[in-house]
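Notes follow the structure.
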Amino acid sequence: MRSLYSFGASKEMSLAVSGTGHRPEMLRRKTLGNNARFLLLASVLAMPFAVFWMVNGQELPFIVSAIGLGIAMATMALHGNRHYEEAAAGQVFGVLALGLVMTIADPRLVDAGLATALMGPVHASLLARPPLRKLSWFMLAGVLLIATITAAAGLGSFHIPENLLGAVSGVLFVVCAGMVAHTAHQIGAAFEVYDKAQVSAYRHLIEHVHDSVIRFSSDGEVLLASRSSEALFGCRRYELSGASLSERLHVLDRPIYLTAFADANKGGRSRVVEVRMRQDDPVGATRLPSYIWVEASFSPVLEDAPAEGGFEVVALFRDVTARKDNESAMREAQRVAEEASVAKSHFLATIGHELRTPLNAVVGFSEMMTSGIGGDLSPTHREYAGLIHQGARHLLEVVRMLLDMSKLEAGKFELQTEPFAPADIIQPCLQMVEASARQRGIRIVADIAPKLPPLVADERACRQILLNLLSNAIKFSHDGGTVTVSLKRQGQCLNLSVIDTGIGMAPEAISRLGEAFFQAHDGLARRYEGTGLGLSIVKGLVELHEGTLRALSEIGAGTTVTVLLPVNGPAIKVEETAAVMPLHREPAASLNSSWHDEKRKAQ
C-alpha cells in the first residue's frame, strides 16, 4: 500500500505540491492535524446525543464519544507540540481501542466493531512508520482474539438495544472510515503531483540538455525529439518523423547505424557509434546542407517486456565534428612529421655518402704530407697539414655518426650477433682513445671481473658503444682526471660502466640523455665540441640488443654511464643464464599510439 513515507524512502524529498510548496513530511503532518480535527468535530457533535442516552441508562454512546474526544484532544496536543510520531500512534491506537469497545459490546464475531478495528492497521500503513505498522497488526490480532472469546461466550458487556448498537457501530465506522479515506485521498493527490513533478522534471531535462534526445518506438518510429534536435539537424523536430532521420545518414554510414539500432531494438544491448549526418541550414541563406560527425548512443528501454517488434530505444546524438577535425589534424600532423623524419634520414644518408669519399681523400693525402711521402715540408706547412688531417678526421667521424644515426632511425641497422669474449674489446678501445687522454693527462683504468661468460652480441656495435662512452668521459673530464671502465656480470646481463670524475650533469639533462643532437652544455659559449649524437647512437645500439642504458651524475662530481646487455643476445634464454630474482625493474618504454591514417570526410 502506498504511503507518504515512500517519497522519503526514494530520497526524492523535493516534491512540491502545486501552489503550496509543501513537502511530503509537511503533507503528512497536515493530514495528522486534519484527522485530529475531524475526530474532534465528530465527537463533539455526538456528545449531546451520548449524554441523552446515558441519562436514559445507556452509557455505551457516551463511552465511545468520550474515547473519541480524548483521542482527538490528545493527538491535537501532540501535533501542536510537534510530536508527530506520537500523534500518529495515538490515532492508530485510538481507532483500535474504539473497535475493541464495540467488539466487546457486540457478542457477534463479525460485527462493525471488528471492521472499525481493521481501520487501525490501514490508517497506520498510510501514515505511520514501519514499526508502528507491524505493531498495529499485532494489536488487531489481539482485538480479533477478544472478539472470538466474546462471541464464543455469547455475552456482551453492555445491555443495549439492537437498534442503538447498530446506530453507534455504524456512526463510529463511518467516522473512522472517513478519516482513513481522507488520508488516502491526500496520499493519492500527493502521488499524482509527485508523478507530474517527475514528468515535468524529465521533460525539462530532455528539452534543455545539450545533446539531442530522440525516443523510438519498438518498430523504429520517432516518438519524441528534444528541442536540441532542431539545432543539431537544422530543422523542426516534427520534420524528423518517419524516414526523415534515416535519410540524413551518410550513405557509407548507414550499415553501422542500422546495426547499432538493431542491437538495441532487438537484442536489448546498448551501442555507441559515430556516423555522419546531414545538417540543414536553419536560416536558409545558403540552402546547402553539410555533413557533421555525430556520436549516436542507443539505449533500450528494458523496464517492460519487449513488444512484438522489440524494445523501445532512447538515442542521444552529440555533435563531435570538432573532435573529429582535431583527430584528422593530428593524423595529418603525424603524417607530415613522419615524412619529414624520413626525408631527414634520407638526406643524412645521401649527404653522408657524398661527403665520405672526398673526406677520405683529404685524410689520406694530409696524412701522406705529414709523413713526408710527397717530399719534405717546412715546419709551417707540416703544421698546416696536421691541422687539415685533424679536421678531416673529425668531419669523417661526424659523417659516420650521421650515417649510423640515420640507419638507426630508419630501422636499417642490422646486428650481426655472435659469441665473443667481452674483455677482448676493452684494450683496443682504450688504445684508440689513449692519445686524446694522454694530451690532457687523463688516466684510464680498466676494472674487468674474472671468468666472464661469452657475450652474444654484435662485436662492432659493442666497440662503438664503448668508444662513444669513453670519448664522452674523456671530453668532459678535468685535466689530470681519471676514467674507469668496469666490466662485470649482473644477473642475466653484462654490466659495462664508464665512470669519470668530470663536470657532471644536472637532473634535467639526465632525463634527456640519448636524444639526438642534445648537448647538456649548449649555446654559443660552450667549451666542448661535438654533435650530440654519441649517446643517441649508444642508446639506439643498446635498444637493438634489448639492453638498458642508465646514467647517474652530479654536477661537479662526475658521471657514471651503465650499459646492461643480455648475455645470450637480444633473445634471452633463461635456461642457459639461470633464473635470477630481479632487484631493479626498468620502466617499460612508452609506446606512441598512432591513429589510423585513413581519413573519412563527407562529400
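The values are calculated or read from the model by the stated rules, or taken from the named source; none is laboratory data. Model, not experiment: these values are computed from the prediction. A quick note on method: Cβ atoms are made from the backbone with ideal geometry, for glycine too, and the neighbour counts reach across all protein chains shown.
Applying the set (1) out of contact with any helix residue (DSSP H, G or I) (no Cβ under 8 Å at 6 or more places or on another chain); (2) crowded, with 20+ Cβ neighbours inside 10 Å to A89 leaves exactly one unmet item: (1).
Within region 183-199, residues that are over 21 Å from P121 (Cα atoms) and in a helix (DSSP H, G or I) have Cβ atoms under 7 Å from residues that are acidic (D, E) and at pLDDT 70 or above in no pair, counting only partners at least 6 apart in sequence or on another chain.
Would you point out the residue of region 415-428, among those that are modelled with pLDDT under 85 and surrounded by 14 or more Cβ atoms within 10 Å (Cβ to Cβ), that is nearest to the chain's Cα centre (by Cα)? For region 415-428, the residue satisfying everything is L415. Scanning region 174-193 for residues that are surrounded by 13 or more Cβ atoms within 10 Å (Cβ to Cβ) and within 30 Å of A296 (Cβ to Cβ) turns up nothing. Among the conditions (1) surrounded by 15 or more Cβ atoms within 10 Å (Cβ to Cβ); (2) closer than 20 Å to V313 by Cβ; (3) of a type in the set (A, V, I, L, M); (4) out of contact with any Gly (no Cβ under 8 Å at 6 or more places or on another chain), L223 misses just one, which is (1).
As for region 243-251, it holds at least one residue that is part of a loop (DSSP other than H, G, I, E, B) and touching a residue at least 60 places away in the same chain (Cβ under 8 Å). Residues that are under 17 Å from C493 (Cα atoms) and in contact with an Asp or Glu (Cβ under 9 Å, 6 or more places away or on another chain) within region 412-421 comprise T417, E418, F420, listed in sequence order. So for region 445-460 (the condition being at negative phi, buried (at least 20 other Cβ atoms within 10 Å of the Cβ), part of a helix (DSSP H, G or I) and touching a residue at least 40 places away in the same chain (Cβ under 8 Å)), does at least one residue qualify? No, every residue in region 445-460 fails to be at negative phi, buried (at least 20 other Cβ atoms within 10 Å of the Cβ), part of a helix (DSSP H, G or I) and touching a residue at least 40 places away in the same chain (Cβ under 8 Å). Within region 433-440, not a single residue is among the acidic types (D, E) and either under 19 Å from Q492 (Cβ atoms) or not in a helix (DSSP H, G or I) (or both). Restricted to region 232-253, and to residues there that are among the basic types (K, R) and in contact with a strand residue (DSSP E or B) (Cβ under 8 Å, 6 or more places away or on another chain), the residue that is farthest from E303 (Cα to Cα) is R248. More than 43 Å from the chain's Cα centre (by Cα) and at pLDDT below 80: is that true of T531 in this structure? It is true that T531 is more than 43 Å from the chain's Cα centre (by Cα) and at pLDDT below 80. Residues in region 31-74 that are under 15 Å from L165 (Cβ atoms), free of Cβ contacts under 8 Å to residues at least 60 places away in the same chain and among the β-branched types (V, I, T): 1 in all.
The residue that is modelled with the lowest pLDDT, counting only those in region 268-301 that are surrounded by 13 or more Cβ atoms within 10 Å (Cβ to Cβ) and part of a loop (DSSP other than H, G, I, E, B), is P289.
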